[in-house]
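Working notes for the structure below.
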Amino acid sequence: MRKKIVAGNWKMNLLDMEVINYLVDFNSKKNEIKSDAEVIILPATIYLDTMISMPEWDVKIGAQNCSQFNNGAYTGEMSAAMLSDFDYDKENLHYCLVGHSERRAYFKETNDVFAEKVNRLIENKLKPIYCCGEELTDRKDEKHFSLVKSQIEEGLFHLKEEEIKQVVIAYEPVWAIGTGETASSEQAQEMHAYIRTILTEKYGAETADSISILYGGSCKPDNAKELFSQPDIDGGLIGGASLVVDSFIQIINSF
Ligand code: PGA
């Protein structure tokens, strides 16, 4: 059985006291969580330490970005080795986002850069959450399947079978991110099933069936249940709605 996952991508939001208040509030409501989904929070880099140091905190932590390079003169960057080393004695920093559409759009990162980031993460025993998804124009031109296929092929298909099993995929149609516009559960399921088909063609059914594929894009308490009930949707990558403890917990409980 593949893992059910609900991951909160905080993006560049929340300041120090807001992070602390969130964690205290979340911890006080832990017993409201009825689902067995793995919960991940991806804070801004500067708050990773605060999150990791939380006592009695069984939420997994992830970073939002890492460098494609190992080390050296890359001002402003953070390596996968640093992320891995940073958490050496606590062992709950497991994940890192790669390929988010905001990295593609604002920082002009491309599939070949993402392929290198994925490599650095796997070398350092961290799990990439690899994002893919089309723009609205791609969907209107009926290019959404081929576009997502090339994002996955170019970013991930150099991996060996044992390596791809470390990856979580997140399908996030760009037109649904932060817009309030959600893909219908049929549209999302159709793409998730397609992604699983291309994984099957490359790695075989057993491996494809073991990889969690999350949906992201205006996932909220009122649509999460229907999305998560689809056979190929294994959870969500939640932006805006993960910033409010109550709505994040409601989404976690949608399984
Ligand atoms: P959203 O963001 O839930 O605010 O649409 C999702 C994401 O970008 O990961």
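Nothing in this text is a laboratory measurement; each read-out follows from the coordinates by a stated rule. Fair warning: this is a prediction, and the values are worked out from it, not measured in the lab. Here the Cβ positions follow ideal geometry from the backbone for every residue, glycine too, while neighbour counts run over all protein chains shown.
Restricting Gly62, Gly8 to residues that are within 17 Å of Ser254 (Cβ to Cβ), in contact with a Pro (Cβ under 9 Å, 6 or more places away or on another chain) and not in a helix (DSSP H, G or I) narrows the list to Gly8. If you go through segment 67-90 and pick out every residue that is without any contact (Cβ under 8 Å) to a residue 24 or more places away in the chain and assigned to a loop (DSSP other than H, G, I, E, B), you end up with 9.
Look through Glu32, Glu18, Glu38 and report the one residue that is in contact with a helix residue (DSSP H, G or I) (Cβ under 6 Å, 6 or more places away or on another chain) and of a type in the set (D, E, K, R). Even if it seems obvious, please write down each step before you answer.
Numbers: Glu18 fails: in contact with a helix residue (DSSP H, G or I) (Cβ under 6 Å, 6 or more places away or on another chain); Glu38 fails: in contact with a helix residue (DSSP H, G or I) (Cβ under 6 Å, 6 or more places away or on another chain).
Result of the check over Glu32, Glu18, Glu38: Glu32.
Restricting to segment 132-155, and then to whatever is outside any helix (DSSP H, G or I) and touching a Pro at 6+ places or on another chain (Cβ under 9 Å), can you tell me which residue is surrounded by the fewest Cβ atoms within 10 Å (Cβ to Cβ)? Checked segment 132-155; the qualifying residue surrounded by the fewest Cβ atoms within 10 Å (Cβ to Cβ) is Glu135. Could you tell me whether segment 215-225 includes any residue that is in contact with a Lys or Arg (Cβ under 8 Å, 6 or more places away or on another chain) and buried (at least 17 other Cβ atoms within 10 Å of the Cβ)? Looking for residues that are in contact with a Lys or Arg (Cβ under 8 Å, 6 or more places away or on another chain) and buried (at least 17 other Cβ atoms within 10 Å of the Cβ), one finds none in segment 215-225, hence no. Within segment 59-82, identify whether any single residue is within 16 Å of the ligand (Cβ to nearest atom) and of a type in the set (Asp, Glu), and answer yes or no. Checking segment 59-82: not a single residue is within 16 Å of the ligand (Cβ to nearest atom) and of a type in the set (Asp, Glu). Within the span defined as segment 132-148, one or more residues are of a type in the set (A, V, I, L, M) and within 18 Å of the chain's Cα centre (by Cα).
Do we find a residue being in a helix (DSSP H, G or I) and under 15 Å from the mean Cα position of the chain (by Cα) anywhere in segment 178-193? Checked against the condition, which is being in a helix (DSSP H, G or I) and under 15 Å from the mean Cα position of the chain (by Cα), segment 178-193 yields at least one hit.
Of everything listed in (1) in a helix (DSSP H, G or I); (2) under 26 Å from Gly62 (Cα atoms), the single unmet condition for Lys202 is (2). Inspect all residues belonging to segment 170-187 and state whether any of them is away from the ligand (no atom under 12 Å from the Cβ) and buried (at least 21 other Cβ atoms within 10 Å of the Cβ). No, segment 170-187 contains no residue that is away from the ligand (no atom under 12 Å from the Cβ) and buried (at least 21 other Cβ atoms within 10 Å of the Cβ).
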